[in-house]
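Only one structure is covered here, and it is reproduced in the block below.
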Amino acid sequence: MPDGDRTLIRELAHELRDALSPLASAADLARLRHFDPETSRLLAEKVERAMRRALKILDAFVLAEESEHTALQAFQAVPLDEIVQAACNQLAPEEAGRCRVLPAGQNTRVRADAGWSARVLTAVLQYAGGRALRESVVEVHTLAGVEPEIRVRASLDPASEPREAWFTDYRARNARMALRTARRIMSLQGGGLDLVRPNDEECEFILRFCGLRAEPEAQSQDAGPRARAPRPGAAGGAAQCILIVDDSYEVRRAYREALVTLGYTVLEAADAEQALGEIAGTTPDVALIDIHLPRMNGYRLAQAIRARVGRGIYLVMLSGMALDAVTRGLAQEAGFDDCLDKMAGPLALRELLVSSAERNSLGNVER
């Protein structure tokens, strides 16, 4: 049994024991009091509360298990406004009454699974509402751009200090889905779920989505070198400059030392902001991008690079996870040209780039 499954099962067992264990004490008390009417009534109430809690825990853990092992497939172009509306429709009347959806400047469309995205937003709205000041309003608004977002802002109850630990718990608390599960689902869609503090009195949940890429035929025919198919280097040769984007210094150093030995010029960045800064100064031939970056993940960084420099750079996803069909599909949708297992190493990267250059050269000859 994988370690992740053991963790999930242990967490589930702990939560169910916590929910159901009071029933043994309540039953003992009822026996001691010979099941008198008042004690029997209290026992029935405790049984009802415990069962409701246990069912809610089971539902939350089923969602958690699905998010860990089920690949989302129903990706489509979805307006953010539709996701917001569907999420609000899933709220209880008292929950929906506290939400204020701010008007959007434009109806931005994203690449997402509409049903799962709405469930995630519903959980975030419930979570925010459950930790906000009583009678306060939870604001929801959408933002367009290369990285479309849905932002949920709430005034904090002083007793509810926001923290990243909220995203490590499998329990759904007062919501229908745990934030850990919600973040996982957003990640599977190539997006993310973050928690920020704009000031001391408020917190803001940010749901990040993959924007829709422009179709190739929509690009200008005379756009110049950046509109052509990517070429890592000359046929049979190697790219001259490679940008490595990884938050691990040890990974960057290991790749840099080997790539420099192979004759490449190497640039480095620890996060997306540094990477975009490097590209603003000079456009490398290749960008080797880790997916699990802080703040902006690798999928969103690839989209941002494509928006800035078009096809003038060869993007390679550096993955620490198994390169299955779903991962490769997400990489392609985000704008990556190829994928590389992080364990494969610099020699495998050189082979990938040389092979790509030879394919491009052959394609040009055939045309």
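The values are calculated or read from the model by the stated rules, or taken from the named source; none is laboratory data. Since we're looking at a predicted model, the values are computed, not measured. Cβ atoms come from the backbone with ideal geometry, glycine included; neighbour counts cover every protein chain shown.
Things worth noting here:
- Any hit, the range 78-95, residues being over 23 Å from the mean Cα position of the chain (by Cα), surrounded by 13 or more Cβ atoms within 10 Å (Cβ to Cβ) and modelled with pLDDT of 75 or more: yes
- Selection status of residue 136, at pLDDT 80 or above, part of a loop (DSSP other than H, G, I, E, B) and either assigned by TED's automatic domain parsing to the domain that holds residue 260 or out of contact with any Lys or Arg (no Cβ under 6 Å at 6 or more places or on another chain) (or both): yes
- Which listed residue, of 289, 305, is of a type in the set (Val, Ile, Thr) and assigned to a strand (DSSP E or B): 289
- Inter-residue pairs, beta-carbon under 7 Å, first free of Cβ contacts under 8 Å to residues at least 60 places away in the same chain and in the range 185-208, second assigned to a loop (DSSP other than H, G, I, E, B) and surrounded by fewer than 20 Cβ atoms within 10 Å (Cβ to Cβ), 6+ apart: 195/162; 197/162
- Some residue of the range 240-250 being over 25 Å from residue 186 (Cα atoms), touching a Leu at 6+ places or on another chain (Cβ under 6 Å) and part of a helix (DSSP H, G or I): no
- Any hit, the range 118-126, residues being among the hydroxyl-bearing types (Ser, Thr, Tyr), surrounded by 15 or more Cβ atoms within 10 Å (Cβ to Cβ), in contact with a strand residue (DSSP E or B) (Cβ under 8 Å, 6 or more places away or on another chain) and at negative phi: no
- Residue match in the range 251-264 (condition: modelled with pLDDT of 70 or more, exposed (fewer than 13 other Cβ atoms within 10 Å of the Cβ) and not in a helix (DSSP H, G or I)): yes
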